[in-house]
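This report concerns only the one structure given below.
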Amino acid sequence: MTTVLATYENRDKTIIIKVMDDTTYHISRDGKPVQRFDMTKWYYNGYGVMRHIENDIKAGYYPGVSKVS
């Protein structure tokens with residue numbers, strides 16, 4: 001069973017990114033699952049994936065998205 005380590009979303013909740021402890025992250029747009037990314041090739045755990053998402057947000061890949069939990 002996987003656990004959500006962090007959730008990122010925009011103010012309208014039209015983009016939601018969930019980082020899982022199994023080194024994956026999931027993106028939902030408008031309430032529908034869009035993509036699941038397996039990051040085991042680059043990271044050993046979900047905390048590395050969290051840093052990856054936070055860097056993507058800083059770089060502007062996900063405008064208006066911030067960490068909510």
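Quick note: the coordinates plus some simple rules give every number you see, no bench work behind them. Quick caveat, the model's predicted, so the values are computed rather than measured. Glycine gets a Cβ as well: all are built from the backbone with ideal geometry, and neighbour counts include every protein chain shown.
Observations, loosely collected:
- Each residue in segment 4-48 was checked for being among the β-branched types (Val, Ile, Thr), under 13 Å from the mean Cα position of the chain (by Cα) and closer than 16 Å to Val68 by Cα, and 7 of them qualify.
- Selection from segment 35-69 of residues that are of a type in the set (Phe, Trp, Tyr) and in contact with a helix residue (DSSP H, G or I) (Cβ under 8 Å, 6 or more places away or on another chain): Trp42, Tyr43, Tyr62
Residue by residue, here is whether (1) out of contact with any Cys (no Cβ under 7 Å at 6 or more places or on another chain); (2) surrounded by fewer than 17 Cβ atoms within 10 Å (Cβ to Cβ); (3) not β-branched (Val, Ile, Thr) holds:
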{"position": "Tyr25", "(1), (2), (3)": "yes, no, yes"}
{"position": "Gly31", "(1), (2), (3)": "yes, yes, yes"}
{"position": "Arg36", "(1), (2), (3)": "yes, yes, yes"}
{"position": "Ala59", "(1), (2), (3)": "yes, yes, yes"}
{"position": "Val65", "(1), (2), (3)": "yes, no, no"}
